[in-house]
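Have a look at the structure below, then the notes.
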Amino acid sequence: MLTKDAKTVLYELYKEYRIRRQNHISKSDAKDFISSHSIQENFFPDWSIDDVVDTLRELGRNGYLYNVYSGNTVYQCELTDYAISVMENQKKETFLTAVDFISKFIP
């Protein structure tokens, strides 16, 4: 089971993955989110880097992200095929709003 923060991060990363794929970026490149610093800067600028790293670790422990760690940070971060599969199989209505998505995703 994921926390609401983890569901929010997963939703945002998957949404970006879909945008990248629609722009004809390869699957391997579309899944690559570089690092915790990149994710914080591009998607969650209001979050502390520690909160981003902690949330990425949670998603990694649950199989949604493949993370490579360096020191106390996530040096490399990719969506897993499992994460994409789970997200692809969510009901279309679930993606209408982030709040609605988070409330319905992974009961």
Residue-by-residue Karplus 3J(HN,Hα) for segment 69-85, coefficients 6.51, -1.76, 1.60, Hz, glycine and proline x
9, 9, x, 9, 9, 8, 7, 9, 9, 9, 5, 8, 4, 4, 4, 5, 4
Sorted largest first, the C-alpha extents of segment 4-101 along its principal axes in whole angstrom are 38, 29, 23
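Read-outs throughout are calculated quantities, based only on the coordinates presented, and are distinct from any laboratory measurement. Since we're looking at a predicted model, the values are computed, not measured.
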